[in-house]
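The values are calculated or read from the model by the stated rules, or taken from the named source; none is laboratory data. Here the structure is a predicted model, which is why all the values come from computation and not from measurement. Cβ placement follows ideal geometry from the backbone for every residue including glycine, while neighbour counts extend to all protein chains displayed.
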Amino acid sequence: MHQQLILDKITSILTATDDSYDEKLVEMLDKAKRIFIAGAGRSKLVGNFFAMRLVHGGYDVSVVGEIVTPSIKAGDLLIIISGSGETEQLIAFTKNAKKVGANIVLISAKASSTIGDMADGVFQVGKEELYGKVVGMPMGTVFELSTLCFLEALISHIIWEKGIPEEIMRERHANLE
């Protein structure tokens, strides 16, 4: 019962997500010199999943907040994952990235927000009205799981379109685990 509840909710969110996002986001990824990914809480964990897969796909990616993350510069892309687009720390990251001329993408549940207003691209996962309280999926779970699936589907699109063999991805995978 609970598995079906979760699957049905994620399906409704992904069905309401713009189909053109794959091409638009891949174009921004491909134009970027480097990619930086930021989120807070569980959205940061979703960003970590995405960052790993982008590295497997051959992109130069850093996760914001890690000790070895370099400084962002003009020509780089900052991807913010935030359900609300209003997280203070992420607003500060966005402002700093804008100051140096980096491009900004917001992946969010909301079409309009403080970060969205500064972003070069906003990718709304689902529609706001679909994010009401869902018993059994508390505190952002709907956004986080839907975004994880959205981004995994984007990686699938990248792998398919670029013809990246799994063997190449495995070669890029961390071997000090």
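Looking at the structure I just gave you, is GLY85 more than 16 Å from the chain's Cα centre (by Cα) and of a type outside the set (Ser, Thr, Tyr)?
On the way: more than 16 Å from the chain's Cα centre (by Cα): no; of a type outside the set (Ser, Thr, Tyr): yes.
Spelling it out, it is not the case that GLY85 is more than 16 Å from the chain's Cα centre (by Cα) and of a type outside the set (Ser, Thr, Tyr).
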Given (1) under 30 Å from GLY163 (Cβ atoms); (2) within 14 Å of the chain's Cα centre (by Cα), index of the condition SER20 fails = (2)
Out of the stretch 1-55, which residues are small (Gly, Ala, Ser), surrounded by fewer than 17 Cβ atoms within 10 Å (Cβ to Cβ) and in a helix (DSSP H, G or I)?
-> SER12
What number goes with the only condition from (1) over 20 Å from THR11 (Cα atoms); (2) surrounded by 15 or more Cβ atoms within 10 Å (Cβ to Cβ) that LYS99 does not pass?
-> (2)
Quick one: ASP120 ticks every box in (1) among the acidic types (Asp, Glu); (2) in contact with a strand residue (DSSP E or B) (Cβ under 7 Å, 6 or more places away or on another chain); (3) under 21 Å from THR15 (Cα atoms) bar one, so which box is it?
-> (3)
How many residues does the stretch 63-120 hold that are among the aliphatic types (A, V, I, L, M), assigned to a strand (DSSP E or B) and in contact (Cβ under 8 Å) with a residue 60 or more places away in the chain?
-> 2
Being among the aromatic types (Phe, Trp, Tyr), assigned to a strand (DSSP E or B) and modelled with pLDDT of 90 or more narrows PHE123, PHE143 down to just PHE123
Of the residues in the stretch 63-82, those that are farther than 14 Å from ASP120 by Cβ and either of a type outside the set (S, T, N, Q) or within 13 Å of the chain's Cα centre (by Cα) (or both) come to VAL63, VAL64, GLY65, GLU66, ILE67, VAL68, PRO70, LYS73, ILE81, SER82
